[in-house]
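Here the structure comes first, spelled out in structure tokens, and everything after it is commentary.
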Amino acid sequence: MSIHLWGGTFDAESIAIAQFLAAHGGHIDIQLNYDSNYLLSPNGKLPLLKDGSLLLQGYKEIVDHLSTKFHLFEYSTETNLLDQGLIEHLLKSMDIVTSYNYFLNKVNYDNYTRGVFKQLLPFPFQYKPPLNLKSAALATCETAGISSSEDSDQLLQLKERQKSLLETPVLSNFDKSKRDASLKQVLYEMDILTNMRCITMLEDTIKLVTDLQLPQDSSSMILFQAYILSNTSPNLKADFVAQYLQRNHPNLVPSQPFTDQIPDIVSFTQACRSLAQNYL
């Protein structure tokens with residue numbers, strides 16, 4: 001039995017699987033691979049569990065399978081239901097925050113996310129994942145009105161102002177410099193509005209987690225902690241989540257940040273062999 005994970009901090013579910021096995025999988029004969037080998041997955045999604053001919057994707061499916069197979073928890077029915085419900089909530093709300101933070105926030109995408117795949121995967125397989133994951137992030141964030149057509153009046157006004165500035169002719173270097181400064185301020189204000197939406201979802205989730213008071217080693221709390229680790233990674237230059245938590249919830253700020261698990265890059269031939277396993 002083996003599990004294949006993304007090696008970058010952008011994937012909270014991969015972080016959570018590793019933390020879950022560290023807490024509950026000491027007696028399980030399972031190989032944990034930070035190989036970022038999306039070629040093994042039918043739709044490119046990781047984490048991926050291979051148990052014989054069985055393939056399972058995502059934190060919830062994998063944890064449910066391991067918990068049932070190895071009888072990992074003896075919680076009450078009520079606690080089990082709350083645990084499952086919180087997982088569902090996290091996979092929606094915190095996935096939106098994480099998707100925006102790593103793939104839609106231009107500063108973080110340009111300075112970290114896009115480039116990290118060159119360290120995780122061999123040529124030419126390093127180019128497709130960031131594009132696919134960014135498309136998925138766009139779709140995910142649309143559900144929360146982030147980068148969608150259903151923008152607030154304030155954001156629409158900023159976009160109109162941005163459009164007007166871009167269409168304004170410049171007659172000199174001074175005019176261009178002045179316009180560029182105005183554009184930079186507009187983009188900064190747009191980022192603030194989007195960040196506030198993410199912070200609102202984060203705060204609502206923290207309140208829910210606090211109210212539920214589930215065991216710290218429960219599968220849902222491990223996932224919550226993984227999302228916190230992901231969104232406070234030092235890889236993120238635009239660290240608005242980390243700053244918010246430091247000001248308002250310092251007890252949630254990780255003492256040890258989770259770092260990238262960079263694998264030994266496989267060769268093109270090895271990657272092709274991995275891909276071929278889907279058809280054998």
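The values are calculated or read from the model by the stated rules, or taken from the named source; none is laboratory data. Nothing here was measured: the structure is a model prediction, and the numbers come from that model. Positions of Cβ are generated from backbone atoms using ideal geometry, with glycine treated the same way; all protein chains shown enter the neighbour counts.
Here are a few things to note about the model shown:
- Enumeration of residues in the range 219-249 that are surrounded by fewer than 23 Cβ atoms within 10 Å (Cβ to Cβ), small (Gly, Ala, Ser) and either in contact (Cβ under 8 Å) with a residue 24 or more places away in the chain or touching a strand residue (DSSP E or B) at 6+ places or on another chain (Cβ under 6 Å) (or both): Ala238
- When the criteria are applied in full, Asp95 meets the requirement of being within 23 Å of the chain's Cα centre (by Cα), of a type in the set (Asp, Glu), at pLDDT 95 or above and under 25 Å from Gln119 (Cα atoms).
- Meets criteria (under 27 Å from Gln261 (Cα atoms) and of a type in the set (Asp, Glu)) for Glu88: yes
- Look at the range 1-25: where a residue is in contact (Cβ under 8 Å) with a residue 40 or more places away in the chain and a partner is assigned to a strand (DSSP E or B) and among the acidic types (Asp, Glu), sitting 6+ places away or on another chain with Cβ atoms under 9 Å, you get Met1/Asp51; Ser2/Asp51.
- Checked against the criteria, Val209 does not count as surrounded by 17 or more Cβ atoms within 10 Å (Cβ to Cβ), at pLDDT below 95 and either more than 30 Å from Thr77 (Cβ to Cβ) or of a type outside the set (S, T, N, Q) (or both).
- Just one residue in the set Ser93, Ser67, Ser76 is touching a Phe, Trp or Tyr at 6+ places or on another chain (Cβ under 7 Å) and among the small types (Gly, Ala, Ser); that residue is Ser67.
- Among residues of the range 129-144 being in contact (Cβ under 8 Å) with a residue 40 or more places away in the chain and either acidic (Asp, Glu) or exposed (fewer than 15 other Cβ atoms within 10 Å of the Cβ) (or both), the one that is farthest from Asn43 (Cα to Cα) is Thr143.
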